[in-house]
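Everything on this sheet refers to the single structure shown next.
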Amino acid sequence: MTIYSSIHALVAQAVQQAVAEGVLTLNAETPHFVVEPPRDPAHGDLATNVAMMLTKAAGKPPRAIAEILKKHLESAPVVAAVEIAGPGFINLRLRETEWQNEIRTILHDGRHYGDSKLGQGTKVLVEYVSANPTGPMHAGHVRGAVVGDALAGLLAKAGYDVTREYYFNDAGTQVDVLARTTYLRYREALGEDIGAIPEGFYPGEYLKDVGQALVARDGMKWQGKPEAEWLDPVREFGVQYMMRMIREDLDLIGIHHDVFTNEREMIENGTLEKSFKILEDKGLIYVGTLPPPKGKVMEDWEPAPLTLFRSSNFGDSTDRPLKKRDGNWAYIMPDIAYHYDKIRRGYSLLINVLGTDHGGYLERMRPVVSAFSDSKARLEVIFNSIVKVFKNGEPVKLSKRSGNLITLREMVEQVGAGAVRFFMLTRDPKSQLDFDFTKVVEQTRDNPVFYVQYAHARCCSILRHAGEIFGADELTAEKLQKADLTPISSPEELLLVKGMANWSRVVEAAATACEPHRVAFYLLDLAALFHGLWNKGNDNTSLRFIVADNKPLTYARMALIKAVQTVLQSGLAVMGCAPLEELRNERPTDV
């Protein structure tokens, strides 16, 4: 139990005691309340809004309720002082021993520190990447891939039952273009001069490999044959080859999906018809007409009867056509069928990670999810803005291999998988991200990737040095839990402990908001606290971590350092970044 959960329980117990003693009467159950750091640290260690939340149930002003609860909280052994502020906030100051004990909790829990039961095992499907199999992973894909994977890791830490899924369209015109381009490269691999790549085909040289692989498998089997004979088998070969390449690319940054789903399979197994029939049986399908599209002048437009889904019953701005005028499925129908399949598999929270070019997707799909689940399931969409790639502040030239974009593989080869992943989470996904190859590897405090990794490497270095003096076997987490931690009492040290204690709150808040970039922000703040304490130790010898002639003090501070190392590892694990134990280049600047 973290310090926030224990104090939350203490406040809830104070309410129960006040009710049991008859000094507080409630006409309803205790509503949800929070325990959090006050906005101004000068006001105390923790603050709660419980008195204001109880006003309606108690029929009393919040300050009057706060006065009642204050008496019960002051008697708690862990509380040093209680103050009432503003309209009824209760500010608590804890005894130093509570913060010292939080270090023990961190060392005991290890990387599981901050784990939460918030999700209560709710089944969540996070769908991300979902790029069509027509080319390698590029910079635009990487951001969504990292955001989705980090979000899945975050939700798992917050107690959700998470499945990672990749959905791809292998039944549209894009994969037909892939098949025709593959056949062109197949002819080239057989020695034919194909000339310039025709407009509308995929120009990337990666498709030379696909053509050569097709020759290796089938030889001259398709040479000179009409398209009707080779289109389907070449398309299937091309899709399988590209999906293998995509998986290999994603493996470079440690991304592995649990499930791969594709559109063609849903079409062939009748999922579109099944999902349509369910909506029809619910009375949500009718034949009607729609007004002309808003904002468009269509002089020749005439209303025509369409097969419509009563999407407006679920908050949509209009009903949605599920069939075209010729009776074929509308473009939206495969996505509807896919979300029906998600609901059928038992997921109650669906999260799709998409690019900002999918505007309107959430509006169209939320009604579908509500209809299929009887409003029991929820859909969230995380939209990612564009990534612009630079080097030394200049836009990077286009990649020859991919035809028009910088590939994931090129990014990892230049800066490393961990740096790519971390940097992709340093901005809110809705904001444009400038990825500068030079900045990502700079060893300065302005580089967030380095700043956090250097904090972890410093912890490792301090522990190694202390191990050389006192013996590494004496500095394990198990033994440091038993150390006398009373020397951890300076304001700077306690501030660092309080920063670590915030980790559990960040996990729950970030999971609730579906914002994994908050983890990166938190790690930057924690690294800043740690580097700040390090720097003060350079100026004030009393704050140095290792004091060779004072073993008890050093052991206490090694427990603190081990705790910092542990929390950094926990956060980096959520982000999918391996913590670095040393940075081998020359001494960094400005840290």
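The values are calculated or read from the model by the stated rules, or taken from the named source; none is laboratory data. The shown structure was predicted, so the numbers you read here are calculated from the model rather than taken from an experiment. Glycine gets a Cβ as well: all are built from the backbone with ideal geometry, and neighbour counts include every protein chain shown.
Does region 524-533 contain any residue that is in contact with a strand residue (DSSP E or B) (Cβ under 6 Å, 6 or more places away or on another chain), under 30 Å from Lys388 (Cβ atoms) and surrounded by 14 or more Cβ atoms within 10 Å (Cβ to Cβ)? No, because not a single residue in region 524-533 is in contact with a strand residue (DSSP E or B) (Cβ under 6 Å, 6 or more places away or on another chain), under 30 Å from Lys388 (Cβ atoms) and surrounded by 14 or more Cβ atoms within 10 Å (Cβ to Cβ). Leu279 passes every criterion in (1) assigned to a strand (DSSP E or B); (2) within 18 Å of Ser375 (Cβ to Cβ); (3) of a type outside the set (Gly, Ala, Ser) apart from (1). Listed by position, the helices (runs of 4 or more DSSP H) inside region 434-483 whose residues that are in contact with a Pro (Cβ under 9 Å, 6 or more places away or on another chain) number at least 1 are 448-470. Taking (1) in contact with a strand residue (DSSP E or B) (Cβ under 8 Å, 6 or more places away or on another chain); (2) part of a helix (DSSP H, G or I) in turn, Val162 satisfies each apart from (2). Within region 257-283, residues that are of a type in the set (Asp, Glu) sit with their Cβ atoms under 7 Å from residues that are buried (at least 16 other Cβ atoms within 10 Å of the Cβ) and not in a loop (DSSP other than H, G, I, E, B), at 6+ positions apart or across chains, in these pairs: Asp258/Thr163; Asp258/Arg164; Asp258/Glu165; Glu263/Pro334. Restricting attention to region 213-232, which residues are under 16 Å from Leu178 (Cβ atoms) and surrounded by 15 or more Cβ atoms within 10 Å (Cβ to Cβ)? Ala213, Leu214, Trp222, Trp230, Leu231, listed by residue number. For region 456-478, what are the residues that are charged (D, E, K, R) and either surrounded by 15 or more Cβ atoms within 10 Å (Cβ to Cβ) or farther than 18 Å from Val547 by Cβ (or both)? Correct list: Arg458, Asp473, Glu474, Glu478. Restrict the check to region 224-245 and report whether at least one residue is touching a residue at least 60 places away in the same chain (Cβ under 8 Å), within 28 Å of Gly148 (Cα to Cα), of a type in the set (A, V, I, L, M, F, W, C) and in a strand (DSSP E or B). Looking through region 224-245, none of the residues is touching a residue at least 60 places away in the same chain (Cβ under 8 Å), within 28 Å of Gly148 (Cα to Cα), of a type in the set (A, V, I, L, M, F, W, C) and in a strand (DSSP E or B). Taking the criterion of being buried (at least 19 other Cβ atoms within 10 Å of the Cβ) and touching a strand residue (DSSP E or B) at 6+ places or on another chain (Cβ under 8 Å), the residues of region 87-116 that qualify are Phe89, Ile90, Asn91, Leu92, Leu94. Going through region 162-177 one residue at a time, which ones are under 15 Å from Phe260 (Cα atoms) and free of Cβ contacts under 8 Å to residues at least 40 places away in the same chain? Within region 162-177, Val162 is the sole residue that qualifies. So Asp436 clears everything in (1) at pLDDT 95 or above; (2) in contact with a strand residue (DSSP E or B) (Cβ under 8 Å, 6 or more places away or on another chain) except one condition, right? Which one? Result: Asp436 fails condition (1) only. Scanning region 387-431 for residues that are modelled with pLDDT of 90 or more and of a type in the set (Val, Ile, Thr), we see that the one that is surrounded by the most Cβ atoms within 10 Å (Cβ to Cβ) is Val420. Counting residues in region 432-455 that are farther than 21 Å from Ile253 by Cα, crowded, with 20+ Cβ neighbours inside 10 Å and touching a residue at least 40 places away in the same chain (Cβ under 8 Å) gives one or more.
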